[in-house]
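Enquirer: Below is the structure I would like to discuss, written out as C-alpha cells.
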Amino acid sequence: MKVLIVGASRGIGLEFVRQYRADGAEVTATARDAAGLERLRALGATALQLDVVDAASASGLGWQIEGAGFDVAIVNAGVVGARRPVLEPPTADDFDLVMRTNVLGPMRVVPQVAEALAPGAKLAVLSSRMGSIGGRTGTSNWLYRASKAALNSVLKDAALTLGDRAHCVALHPGWVRTDMGGAGADLDVATSVAGMRRVIAGLGADPGTGPGTDAERGMFRNHDGATIPW
C-alpha cells in the first residue's frame, strides 16, 4: 500500500505515519521544518518539505509526487488560531492564518494530490465536528468552525469532480490529546488515528457504495465511523 500524509510533523499526522509504517505501508509524508522531516525519516517515511501556507512551496508538491499512485492520501495540515467567542470579529492576521492554512492550503494541494492517486484510491481531509452546520449546538471559536465548514465544502466539490476515481471523506478525529487539543482532551492520538484508519479502510466495503455512487460522493465521518451531518 502507498500512502501520502500531508502535514505529518507531529500529533495526528505523525501518528498516521507511525501506524501505516508499522503495517508495512510505503509512506510519503510532508513537514514544514527540518525537525519534522527528521521525525518522518526516523519512521522510514519518504519526507518532503511543504508549507501549505506558502504558495511557492505548495506549488512544488505536484512534481514531487507525480505518478506515485497513492492508495490512500490524507490532508491533515491545519491550525486552530486564536480562540474568540461568537460575534467577536477575528483580527485580519488571525483570519488570514486560519483560512489560508485550513482552506486555501487544501485547495492548493488537493488538486495535485488527486493527480497522484491510484484508481479507486481513498482521499481524506482532517476536518472537525465543529465545522458541521447541521449538527451544530455550540458556538465557540467561530473562526475555526467557519474554516472547517469551508474545508468540508472543498472536500465535497473534490468528491463530485473525482467521481468514481476516488472515495472521499472528511474526518473528525475527536477531541485528541495533542498540542492542538490539549492535555484534557478525551482521546489519545493512537486511538483516534486507529479509528480513522478503520474508517478509511472500510470506504467502499458496502455494496452500492462505490466511489462514484451518491453514497460516496463525499462523506463526513467521526473517528468511530458514525456519519456527521454537513
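Enquirer: Out of Ala114, Ala82, Ala77, Ala124, which single residue is outside any helix (DSSP H, G or I), in contact (Cβ under 8 Å) with a residue 40 or more places away in the chain and surrounded by fewer than 21 Cβ atoms within 10 Å (Cβ to Cβ)? Give the steps one after another, and end with the answer.
Expert: Details: Ala114 fails: outside any helix (DSSP H, G or I); Ala77 fails: surrounded by fewer than 21 Cβ atoms within 10 Å (Cβ to Cβ); Ala124 fails: surrounded by fewer than 21 Cβ atoms within 10 Å (Cβ to Cβ).
After ruling out the rest, the residue left standing is Ala82.
Enquirer: Go through (1) under 30 Å from Val17 (Cα atoms); (2) part of a loop (DSSP other than H, G, I, E, B) one by one and return the number of the condition Tyr144 breaks.
Expert: In the conditions (1) under 30 Å from Val17 (Cα atoms); (2) part of a loop (DSSP other than H, G, I, E, B), Tyr144 misses (2) alone.
Enquirer: Within the stretch 8-27, track down each residue that is buried (at least 23 other Cβ atoms within 10 Å of the Cβ) and assigned to a strand (DSSP E or B).
Expert: Val27
Enquirer: If I filter the stretch 28-43 down to residues being under 18 Å from the mean Cα position of the chain (by Cα) and not polar (S, T, N, Q), which single residue comes out as surrounded by the fewest Cβ atoms within 10 Å (Cβ to Cβ)? Outline the logic, then answer.
Expert: In the first step, residues of the stretch 28-43 are kept if they are under 18 Å from the mean Cα position of the chain (by Cα); the result is 28-32, 36, 40.
Remaining after also requiring not polar (S, T, N, Q): 29, 31-32, 36, 40.
Numbers: Ala29: 30, Ala31: 28, Arg32: 17, Gly36: 21, Leu40: 25.
That would be Arg32.
Enquirer: With touching a strand residue (DSSP E or B) at 6+ places or on another chain (Cβ under 6 Å) and on the phi < 0 side of the Ramachandran plot as the only criterion, which of Pro89, Pro111, Pro85, Pro106 stands out? If you could, list the steps in order and put the result at the bottom.
Expert: Values: Pro89 fails: touching a strand residue (DSSP E or B) at 6+ places or on another chain (Cβ under 6 Å); Pro111 fails: touching a strand residue (DSSP E or B) at 6+ places or on another chain (Cβ under 6 Å); Pro85 fails: touching a strand residue (DSSP E or B) at 6+ places or on another chain (Cβ under 6 Å).
Going through Pro89, Pro111, Pro85, Pro106 in turn, just one is touching a strand residue (DSSP E or B) at 6+ places or on another chain (Cβ under 6 Å) and on the phi < 0 side of the Ramachandran plot: Pro106.
Enquirer: Thr46 fails exactly one of the following numbered conditions: (1) on the phi < 0 side of the Ramachandran plot; (2) surrounded by 17 or more Cβ atoms within 10 Å (Cβ to Cβ). What is the number of that condition?
Expert: (2)
Enquirer: Tell me yes or no: at least one residue of the stretch 168-188 is modelled with pLDDT of 90 or more, touching an Asp or Glu at 6+ places or on another chain (Cβ under 7 Å), in a loop (DSSP other than H, G, I, E, B) and of a type outside the set (A, V, I, L, M, F, W, C).
Expert: Yes, the stretch 168-188 contains at least one residue that is modelled with pLDDT of 90 or more, touching an Asp or Glu at 6+ places or on another chain (Cβ under 7 Å), in a loop (DSSP other than H, G, I, E, B) and of a type outside the set (A, V, I, L, M, F, W, C).
The values are calculated or read from the model by the stated rules, or taken from the named source; none is laboratory data. It should be emphasised that the depicted structure is a prediction, and the values quoted were computed from it without experimental measurement. For neighbour counting, all protein chains shown are included, and Cβ atoms are generated from backbone atoms with ideal geometry for every residue, glycine included.
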